[in-house]
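The values are calculated or read from the model by the stated rules, or taken from the named source; none is laboratory data. Not measured: the values here are computed from a predicted model. All Cβ positions, glycine included, derive from the backbone under ideal geometry; neighbour counts span all protein chains shown.
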Amino acid sequence: MRRLLLLLPALPLLIAAGDAPAIQISHPWARATPGAAKTGAAYLTLTDHGAADRLIGVSTPAAAMAELHKTIDDRGTMKMRAVDHLTLAPDHPVTLAPGGYHIMLMGLKAPLKRGETFPLTLTFAHAPPMTVTVPVEAIGASGVSDGSGMGGMPGMHH
Ligand SMILES: [Cu+2]
């Protein structure tokens with residue numbers, strides 16, 4: 001069985017384009033926090049246009065500590081678990097959203113109020129760190145309203 005491969009995949013020629021960041025961060029957002037809540041969560045979508053990489057750290061001046069978390073369904077109970085990195089495969093967007101991966105903000109220095117913003121810095125295994133501005137959306141905001149998101153979060157911690 002001999003066949004000529006007539007169509008070669010067109011290779012993108014944009015790779016060499018100077019300082020364009022290989023990792024694109026889109027739609028960062030956080031939920032407003034009620035009252036004196038000390039924890040919050042931020043979400044965003046990561047698209048890696050370069051080589052495979054890993055998100056290995058998150059930090060923000062808005063909170064004493066930020067961690068990468070994943071919400072898991074443990075026999076019907078939603079729990080959160082810290083994950084030490086998130087693998088980024090080329091051109092496979094990874095979306096952090098309520099009910100899944102999220103950036104947990106612990107020890108908030110002030111409540112997150114709708115309409116405000118805060119900076120969030122992401123650290124990667126290979127790409128240079130990137131800081132994005134995260135707008136705070138309404139408490140009820142969610143990409144998916146599954147009721148299993150962060151609603152019960154304070155009690156679920158630890
Ligand atoms: Cu969490």
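Results for (1) under 15 Å from MET65 (Cα atoms); (2) at pLDDT 95 or above; (3) in contact with a strand residue (DSSP E or B) (Cβ under 6 Å, 6 or more places away or on another chain), shown as yes or no for each residue.
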position	(1), (2), (3)
MET104	yes, yes, yes
GLU116	no, yes, yes
PRO129	no, yes, yes
VAL134	no, yes, yes
SER142	no, no, no
Exercise for review: Find the strands (runs of 3 or more DSSP E) located wholly in the stretch 33-149 whose residues include 1 or more that are within 14 Å of the ligand (Cβ to nearest atom) and either surrounded by 15 or more Cβ atoms within 10 Å (Cβ to Cβ) or in contact (Cβ under 8 Å) with a residue 12 or more places away in the chain (or both), and list them.
Suggested key: 39-48, 53-59, 63-74, 77-82, 86-88, 101-108
